1. Just to be sure before I move on: is Gln16 modelled with pLDDT of 80 or more and within 32 Å of the chain's Cα centre (by Cα) in the structure I sent?
2. Here are Phe130, Phe102: which of them is modelled with pLDDT of 90 or more, out of contact with any helix residue (DSSP H, G or I) (no Cβ under 6 Å at 6 or more places or on another chain) and under 30 Å from Ala235 (Cβ atoms)?
3. Suppose we filter segment 202-223 for residues that are surrounded by fewer than 16 Cβ atoms within 10 Å (Cβ to Cβ) and either modelled with pLDDT of 95 or more or in contact with a Lys or Arg (Cβ under 7 Å, 6 or more places away or on another chain) (or both); how many remain?
4. Under 7 Å by Cβ, and 6 or more places apart or on different chains, what pairs join a residue from segment 62-84 that is modelled with pLDDT of 95 or more with one that is among the acidic types (Asp, Glu)?
5. Suppose the filter is β-branched (Val, Ile, Thr) and touching a residue at least 60 places away in the same chain (Cβ under 8 Å); does Ile39 pass it?
6. Name every residue in segment 78-120 that is charged (D, E, K, R) and within 18 Å of Met198 (Cβ to Cβ), in order of residue number.
7. Restricting to segment 74-86, name every residue that is touching a strand residue (DSSP E or B) at 6+ places or on another chain (Cβ under 7 Å) and either among the basic types (Lys, Arg) or not in a loop (DSSP other than H, G, I, E, B) (or both).
8. Out of the residues in segment 91-143 that are in contact (Cβ under 8 Å) with a residue 60 or more places away in the chain and assigned to a helix (DSSP H, G or I), which is most open to solvent (accessible area, probe 1.4 Å)?
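The values are calculated or read from the model by the stated rules, or taken from the named source; none is laboratory data. Bear in mind that the values here come from a model prediction, so they are computed numbers and not experimental data. Cβ sites come from the backbone with ideal geometry, for glycine too, and all protein chains shown count toward neighbours. Keep in mind that these areas ignore ligands, DNA and RNA; they rest on the heavy atoms of the full protein, side chains included. Shrake-Rupley method; radii C 1.70, N 1.55, O 1.52, S 1.80 Å.
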Amino acid sequence: MNKLPRNTELGDLLKQWRGVRGRSQLDISLDTGISQRQISFIESGRSVPGRSTLMGIAQADEMKSITKALARMIARHEPYPAIIMDRYWNVLLANDAAPRFFGCFIDMSERPAPRNLLHLMFDPKGMRPFIANWEALAKILIQRVHQEATGHVVDQKTKDLVADLLAYPDVQPDWRAPETLSTLPMIPISFVKDGAIMNYFSLVTTVGTPQAIAAQELRVECMYPADDETEVFHAKLLAAPSATH
């Protein structure tokens with residue numbers, strides 16, 4: 001019986017790809033959920049992977065590299081808060097300044113996991129009482145979520161998120177359908193602490209390109225002081241003992 005040709009060319013490419021990145025077959029298996037046995041078969045030419053399998057392997061390594069780069073980026077944003085979120089605004093990673101800053105207002109340890117930035121801003125038991133421009137901010141955020149929901153394939157989790165935000169006190173249903181929606185990437189936000197108002201602006205950016213689907217699921221928010229007074233007050237606030245809460 002004639003043997004089937006071995007797909008060694010693809011296997012050699014995968015082996016070389018692993019070597020350049022310093023990854024073992026076990027590393028790839030843990031990252032992708034593909035068995036180490038199957039990866040071995042692919043490299044030896046005994047198995048021909050489908051497109052989805054190859055994409056899964058490539059994107060898993062891509063995401064580890066992207067996550068490391070984002071972690072370095074938000075660490076360098078100190079002493080101002082910076083966080084990485086998924087498409088549902090759940091916090092995946094934050095720099096040290098983020099929990100220290102929000103901890104000056106509320107006990108962050110009481111927030112349920114996964115911590116969600118939108119719920120943190122809308123919840124009367126969260127940051128909402130300390131946001132001077134809360135109604136304007138809430139309108140911008142809910143409009144952004146609604147725009148994202150209508151601009152992409154809407155899944156149930158996105159629908160649930162919008163419904164949960166609309167269920168908070170004093171949130172109006174018509175906020176999600178503005179006459180005009182700001183195209184500016186920054187969001188103005190002002191906090192009140194000890195009678196003083198601190199003005200910031202927040203930049204929320206989506207990571208990746210349409211070709212990098214997994215990366216598109218990530219977004220990064222970085223806060224910046226909007227004036228010199230806020231910059232000075234911010235430094236004092238994070239230097240206080242409460243900032244280590």
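1. Working: modelled with pLDDT of 80 or more: no; within 32 Å of the chain's Cα centre (by Cα): yes.
When the stated conditions are applied, Gln16 does not pass them.
2. Values: Phe102 fails: out of contact with any helix residue (DSSP H, G or I) (no Cβ under 6 Å at 6 or more places or on another chain).
The conditions single out Phe130.
3. Of the residues in segment 202-223, the ones surrounded by fewer than 16 Cβ atoms within 10 Å (Cβ to Cβ) are 203, 205-206, 209-211, 213, 216.
Still in the running and either modelled with pLDDT of 95 or more or in contact with a Lys or Arg (Cβ under 7 Å, 6 or more places away or on another chain) (or both): 205-206.
Here the count works out to 2.
4. Correct list of pairs: Glu78/Asp96; Ala82/Glu221; Ile83/Glu221.
5. On the way: β-branched (Val, Ile, Thr): yes; touching a residue at least 60 places away in the same chain (Cβ under 8 Å): no.
Criteria not met by Ile39.
6. At the first step, the residues of segment 78-120 found to be charged (D, E, K, R) are 78, 86-87, 96, 100, 107, 110-111, 115.
The answer is Glu78, Arg100.
7. Pass one, segment 74-86, residues touching a strand residue (DSSP E or B) at 6+ places or on another chain (Cβ under 7 Å): 74, 77, 80-86.
Scanning segment 74-86 gives Ile74, Ala82, Ile83, Ile84, Met85.
8. Arg100
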